[in-house]
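These notes are about the structure you will find just below.
What follows is calculated from the coordinates using simple rules that are stated; it is not laboratory data. Because the structure is predicted, anything quoted here is derived from the model rather than measured. In this analysis, Cβ positions are derived from the backbone assuming ideal geometry, glycine residues included, and neighbour counts consider all displayed protein chains.
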Amino acid sequence: MNKKRNNPETIAIHGGDYRSDPATNAVAVPIYRTTSYQFNNTEHAANLFALKEFGNIYTRIMNPTNDVLEKRVAALEGGLSCVTVSSGQTASTFAVLNVAQAGDNIVSSTDLYGGTVSLFTHTLSKLGIEIRYADPSNPENFEKLIDDKTRAFYGETLPNPYLRVFPIKEVSDIGRKYNIPLIMDNTAAPVICRPIEHGAAVVIHSLTKYIGGHGTAVAGSIVDSGNFDWTADPKRQPLFNEPDASYNNVIWGKAVPELTGANVPFAVRARVCLLRDLGSALAPDNAFAIIQGLETVALRMRQHCANAEYVVDFLKKHKEVTKVIYSTEHDKPIADRAKKYLKGGNGPMIGIELKGGIEAGKKFIESLKMFYHVANIGDARSLAIHPASTTHSQLNDIIEDLDQALNKSSKGNLKAVS
Ligand code: PLP
């Protein structure tokens with residue numbers, strides 16, 4: 001890709017190799033509503049199953065509409081390969097199950113989306129995978145929790161509600177000393193952060209949020225950076241170095257680079273083992289909806305971040321607000337991480353605390369009239385009502401609504417997040 005094509009705006013529309021539909025020349029990506037694909041002959045079928053040749057087998061594992069989305073998301077993140085799945089939750093689940101089995105552990109940041117905490121603490125622990133929690137304010141906390149069974153580190157770029165930017169490079173560097181890959185959930189910071197550039201091995205998204213951006217489809221993605229050597233320490237990564245009895249005893253870490261010429265065993269294993277066995281495939285209709293959102297993600301992220309800065313300034317001066325939580329509003333060194341890792345905006349989310357506790361928070365939320373769309377992370381319905389060209393008046397609406405709701409909240413303490 002030349003320099004110009006590296007712009008996120010361009011990648012979001014032209015990333016990957018789709019130019020027009022090979023069968024019809026349609027420019028918009030068609031929805032391939034098919035479960036299966038006719039094999040040319042028995043040899044072709046056998047080659048596809050044996051991974052000697054790559055092509056469509058069955059929509060639980062791959063689909064041409066999803067393929068376009070996968071290539072664009074991989075390009076957006078600067079990775080080599082991507083697998084789309086039915087939700088962000090599936091993306092986190094697969095990312096962990098792809099490296100860890102019963103008896104293994106993952107060291108995860110404490111700053112996580114609540115659904116991920118529930119998945120880790122309840123469901124994965126019942127499967128025998130231990131999640132150890134490290135406070136990311138000091139990256140060395142990750143190192144302290146490593147043992148022989150540690151298979152990955154896990155963090156979120158811009159975790160809600162603390163909004164403390166994750167020390168990606170610092171934790172990745174620690175992991176790489178032990179051949180431990182860093183999995184980053186970049187749901188809240190597409191475009192403004194590319195975790196792979198800072199050493200992440202795998203990047204996942206809830207595409208439901210900013211990338212889809214319109215609240216019309218639930219979807220997830222897993223991007224393989226291609227930058228992690230899965231075979232450097234076979235004992236550290238047994239799932240990539242031991243024969244896989246479920247797939248003709250293939251050794252994924254070696255076979256995938258040999259077969260594809262690309263170091264993407266993580267993506268291939270997630271697709272051909274986890275989608276094969278667990279399902280959770282993304283419906284091509286939903287892939288289509290996410291592709292529409294992806295086309296404008298760079299513009300929307302910039303606008304979300306610009307709106308957020310404006311609102312932060314307003315909230316900091318408001319008499320009812322005791323604390324504004326924003327990526328740049330923390331003490332050092334946490335605030336410096338926003339400068340280091342976020343480019344083109346400091347994030348789309350804000351938290352606030354009010355004088356008078358939970359009751360004031362409830363009253364504040366209940367008093368908001370227009371704010372519904374802003375309170376849903378990554379949902380751009382507000383932009384459909386107030387087009388981008390009227391940004392300033394939209395901001396005035398936002399400020400006006402916040403102001404009247406704060407004044408009504410009277411004495412109370414709030415925890416609200418946009
Ligand atoms: N990761 C983060 C950071 C999220 O905010 C969410 C959902 O809110 C998820 C993962 C899960 O995504 P989904 O709702 O698409 O399953």
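Within the straight-line cut-off of under 28 Å between alpha carbons, the lysines reachable from residue 149 are 126, 169, 177, 235, 254, sequence neighbours fewer than 8 places apart in one chain being disregarded.
Give the Debye-formula value of log10 I(q)/I(0) at each listed q (0.23, 0.25 Å⁻¹), with one equal scatterer per alpha carbon of segment 150-191, two decimals each. Once normalised to I(0) and log-transformed, intensities are -0.74, -0.83. Compared with the alpha-carbon gap, the fully stretched path from residue 35 to residue 19 is longer by 3.4 nm at 0.36 nm per residue. For segment 160-300, what does the alpha-carbon gyration tensor say about shape, rounded, prolate or oblate, given a ≥ b ≥ c as the root eigenvalues, a/c under 1.5 as rounded, and a/b over b/c as prolate? Because a/c hits 1.5 or more and a/b fails to exceed b/c, segment 160-300 counts as oblate. Where both bridge residues fall in the chain, DSSP classifies roughly 55% of the beta bridges as antiparallel.
Mean separation of Cα pairs under 8 Å and 6 or more residues apart, divided by the residue count, gives the chain a relative contact order of 17 percent. For segment 28-87, which GluC sites (Glu not before Pro) are in a loop by DSSP, counting at most 16 other Cβ atoms within 10 Å? Sparse-neighbourhood loop GluC sites (Glu not before Pro): 53. Scanning residues 5 or more positions from residue 250 or on other chains, those with amide H under 5 Å from its amide H are 244, with H placed 1.01 Å from N in the peptide plane.
Straight Cα distances below 28 angstrom link residue 363 to the lysines 209, 316, 317, 319, 323, 355, 408, 411, 415, with same-chain residues fewer than 8 positions distant left out. Distance distribution note for the chain: the fraction of Cα pairs above 41 angstrom is 17%. The alpha carbon radius of gyration of segment 285-375, expressed as a multiple of 2.2 N^0.38 Å, is 1.30.
If you model segment 1-143 as an ellipsoid using its alpha carbon gyration tensor, with each semi-axis the square root of five times an eigenvalue, the axes come out at 35, 23, 13 Å, biggest first.
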